[in-house]
Structures are given as structure tokens and as C-alpha cells.
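A.B. asks: Quick one: the structure is below, and I'll ask about it shortly.
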Amino acid sequence: CSLSALTSLKLSSCKLVTNEGVRGLCSGLSALTSLYLSGCSLETDEGIRALTSLSALTSLYLSGCSLVTDKGIRALTSLSALTNLDLYGCKLVTDEEVRALIQGSPPVNVCFWGEGIRSAASYVRLG
């Protein structure tokens, strides 16, 4: 069974998804445009870096991935098709990194509310 044509994958709240599992998934999903990893609490920067091989990825949902840091998010800048990123509850991601994503080329719409963030609205860019 080939999954190379799969465009959307929802693994939200699969608490046993690991970095190794994400690396394995990325190798055969070249058409993937949306990936839902929200609530995958074992996901770290290592797994996020593996996502950089998904060149067609436009939407990534990482809300509740509390072990993801700026280092992992910074790796996502190589995904030129990425336009939507959900970082709600990613408390180790700083507002500086979120600003860099929004101001990058192309800009990314980011949903973000971490510790110390003054206003989530300032980080959501529409249209």
C-alpha cells in the first residue's frame, strides 16, 4: 500500500507518537499538505526537523506539543509552502521566533499563545 498521494494526516492526541515515528512517516509522504500533530506530547525539535522533507506542507498543527522549542520552529523556515502553523500551548517557543515566521518570506499565519505572550492577536496574520 503506497501512501505517496496522501495529502492530509491527522495524528492529533496520539500521545505515543515519537520523533522516530515522525521521521518514518516523512520518508514516503511527498504530497502531504496538512499534518495534525496537536497533543502529541512526546514530539520534540528532532521530530520537527524531520518535517522539513515535506516540501508540499502548507498547514502544520502542533498545539500542545510542549517540548517543541525555537530551534525546532526555526527549522520550519525551509518549508517554502508553509502558510499556516498552530503553536497554541507550545510554551517553549518565544514570541521572537513567532515574529520571525510571520515576517519571513513567504509570511506564515501563526496561531500562538505561550507563556509571557502579551497578545495572541498580534501574532495572527490574516489574508
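The values are calculated or read from the model by the stated rules, or taken from the named source; none is laboratory data. The structure presented is a predicted model; accordingly, all values stated were derived computationally and were not measured. Positions of Cβ are generated from backbone atoms using ideal geometry, with glycine treated the same way; all protein chains shown enter the neighbour counts. Accessible surface is based on the protein model in full, side chains and every heavy atom, while ligands, DNA and RNA are left aside. Shrake-Rupley method; radii C 1.70, N 1.55, O 1.52, S 1.80 Å.
A.B. asks: I want the local charge near C40. Using Cβ-Cβ distances under 12 Å, sum +1 for each Lys or Arg and -1 for each Asp or Glu among the other residues.
C.D. replies: +1
A.B. asks: Whole-Hz ³J(HN,Hα) for each residue in region 78-89, computed from phi via Karplus 6.51 cos²θ - 1.76 cosθ + 1.60 with θ = phi - 60°, x for glycine and proline: what do you get?
C.D. replies: Karplus-based 3J(HN,Hα) across region 78-89 equals 6, 8, 5, 8, 5, 10, 9, 9, 9, 10, 4, x Hz.
A.B. asks: Within a Cβ distance under 11 Å of N19, other residues only, what is the Lys/Arg minus Asp/Glu net charge?
C.D. replies: Charge balance in the 11 Å sphere: -2.
A.B. asks: Further question: How big, on average over all directions, is the shadow cast by the Cα convex hull of the chain, in nm²?
C.D. replies: 7.0
A.B. asks: Continuing with the same structure: Before anything else, pin down the relative contact order of region 4-46: Cα pairs under 8 Å, at least 6 apart, normalised by residue count, whole percent.
C.D. replies: Once normalised by length, the contact order is 58 percent.
A.B. asks: Could you grab the relative contact order for the chain? Cα pairs under 8 Å, six or more apart, rounded to a whole percent.
C.D. replies: Normalised by residue count, the contact order of the chain is 19 percent.
A.B. asks: Would you mind calculating the gained length between L3 and A100 on full extension (0.36 nm times residue separation, minus the Cα-Cα distance), in nm to one decimal?
C.D. replies: The L3-A100 span can extend by a further 31.6 nm.
A.B. asks: Next question. Using a 1.4 Å probe, how large is the accessible area of E96, given in Å² and rounded to the nearest 10?
C.D. replies: Using a 1.4 Å probe on the heavy atoms, I get roughly 110 Å².
A.B. asks: Each residue of region 25-37 in order: what ³J(HN,Hα) in whole Hz does its phi give by Karplus 6.51 cos²θ - 1.76 cosθ + 1.60, θ = phi - 60°, with x for Gly and Pro?
C.D. replies: 3J(HN,Hα) across region 25-37, in whole Hz: 5, 5, 5, x, 10, 5, 9, 4, 10, 10, 9, 10, 10.
A.B. asks: List the residues, sorted by chain then number, that are 5 or more residues from T69 or on another chain and whose placed amide H is less than 5 Å from its amide H.
C.D. replies: Close amide H contacts, sequence-distant or interchain: D45.
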